[in-house]
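Have a look at the structure below, then the notes.
The values are calculated or read from the model by the stated rules, or taken from the named source; none is laboratory data. Not measured: the values here are computed from a predicted model. Using ideal geometry, Cβ is built from the backbone for each residue, glycine included, and neighbour counts are taken over all protein chains shown. Note: areas computed on protein heavy atoms with side chains; ligands, DNA, RNA excluded. Shrake-Rupley method; radii C 1.70, N 1.55, O 1.52, S 1.80 Å.
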Amino acid sequence: MRTQTIKPRIREILSRELPPELVELLPKHWVRIGDVIILPLRRELEPYRGRIAEVYAGVLGAKAVLRKGHIHGETRNPDYELLYGTDTITVHVENGVKYKLDVAKIMFSPANVKERVRMGKVARPGELVVDMFAGIGHLSLPMAVHGKARVIAIEKSPYTFRFLVENIELNNVQDRVTAYNIDNRDFPGENIADRILMGYVSTTHEFIPKALSIARDGAIIHYHNTVPERLMPEEPFATFLRIAKEHGYEAEKLNELVIKRYAPGVWHVVVDVRVYRR
């Protein structure tokens with residue numbers, strides 16, 4: 001998945017139908033997930049949005065076009081407008097991993113591709129990974145497919161969970177991945193994980209105590225959160241360390257990466273942390 005640049009054919013077709021000043025406002029970039037396009041569209045183009053989407057779909061070979069919107073809610077659902085087509089379920093292939101999803105209802109961020117690839121490289125054969133916010137398997141499927149790790153994937157949303165189960169089968173990792181459709185705070189396992197994925201943002205710190213209870217001594221936790229730029233680079237590790245100590249753990253920062261800009265002055269960051277019981 002990558003951002004694309006406008007094709008001359010799109011401009012050629014629409015220049016015959018739109019006023020010249022609006023042709024200049026046509027989206028020059030978009031995101032493709034499988035055979036679904038996510039298109040940013042300016043307000044001035046509203047009256048022509050259906051036709052614009054139809055032309056983009058035709059030239060790009062997409063079955064559906066969505067208007068870029070916002071992500072909201074506890075389960076991080078996208079709020080996209082369907083401009084063209086009827087079927088927004090697709091299979092996206094990235095780094096040898098198949099992701100089936102409903103692009104209109106389930107978040108799949110193009111900016112997180114490097115982290116998905118990285119997770120496939122850090123996992124070790126046979127280790128037990130617990131993915132606390134599995135989604136459709138964004139981060140944990142590469143671990144099972146490429147790293148040959150054993151994975152417990154926990155996803156709260158029943159609709160998203162449906163695709164997680166399908167993706168486990170699509171990637172032929174049924175022998176290595178077990179999926180749970182529960183709130184991760186209700187997961188009964190303790191002191192079992194060699195590695196834990198916390199691929200969530202905004203309130204991830206609230207789940208640190210649960211992650212610690214799942215972790216074995218010396219486990220690695222991949223802790224994601226959003227951080228105001230003014231608090232970096234101390235955060236988010238400082239918060240993780242404080243909470244860990246409150247619960248009788250020590251934490252060692254192994255690595256820290258900026259994933260992407262989340263909002264003006266706010267960044268999505270991941271910290272790799274090794275945790276020890278005192």
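Side notes on the structure shown:
- Single condition V273 does not satisfy, out of (1) part of a strand (DSSP E or B); (2) over 21 Å from L128 (Cα atoms); (3) of a type in the set (A, V, I, L, M): (2)
- Of all residues in segment 86-101 being free of Cβ contacts under 8 Å to residues at least 60 places away in the same chain and not charged (D, E, K, R), the one that is nearest to T160 (Cα to Cα): I89
- Criterion: among the acidic types (D, E), at pLDDT 95 or above and in contact with a helix residue (DSSP H, G or I) (Cβ under 8 Å, 6 or more places away or on another chain) - qualifying residue of E169, E155, E206: E155
- Positions within segment 107-152 being farther than 16 Å from N171 by Cα, open to solvent by 10 Å² or more (accessible area, probe 1.4 Å), of a type in the set (A, V, I, L, M) and at pLDDT 95 or above, in sequence order: V122, L128
- For beta carbons closer than 8 Å, sequence separation of 6+ or different chains, a first residue in segment 222-249 that is open to solvent by less than 50 Å² (accessible area, probe 1.4 Å) and assigned to a helix (DSSP H, G or I) and a second that is of a type in the set (G, A, S) and at pLDDT 95 or above, the qualifying pairs are F237/A251; F240/A251; L241/A251; A244/A251.
- Where Y80 falls short, out of the listed (1) open to solvent by 30 Å² or more (accessible area, probe 1.4 Å); (2) among the aromatic types (F, W, Y); (3) in a helix (DSSP H, G or I); (4) in contact with a Lys or Arg (Cβ under 8 Å, 6 or more places away or on another chain): (3)
- Qualifying positions in segment 149-202 - without any contact (Cβ under 8 Å) to a residue 60 or more places away in the chain and of a type in the set (A, V, I, L, M): A149, V151, I152, A153, I154, L164, V165, I168, V173, V177, A179, I182
- Inspection of segment 91-99 finds no residue satisfying the criterion of being among the aromatic types (F, W, Y) and part of a helix (DSSP H, G or I).
- Condition met for R51 (outside any loop (DSSP other than H, G, I, E, B) and modelled with pLDDT of 95 or more): yes
- The residues of segment 54-77 that are at pLDDT below 95, open to solvent by less than 80 Å² (accessible area, probe 1.4 Å) and either within 16 Å of the chain's Cα centre (by Cα) or among the aliphatic types (A, V, I, L, M) (or both), listed by number, are V59, L60, G69, I71, G73, T75, R76, N77.
- In segment 250-278, residue most open to solvent (accessible area, probe 1.4 Å) [restricted to those that are closer than 12 Å to L212 by Cα and in contact with a helix residue (DSSP H, G or I) (Cβ under 8 Å, 6 or more places away or on another chain)]: E250
- Across segment 184-216, the qualifying residues are those that are assigned to a helix (DSSP H, G or I) and open to solvent by less than 20 Å² (accessible area, probe 1.4 Å), and the one among them that is nearest to I259 (Cα to Cα) is T204.
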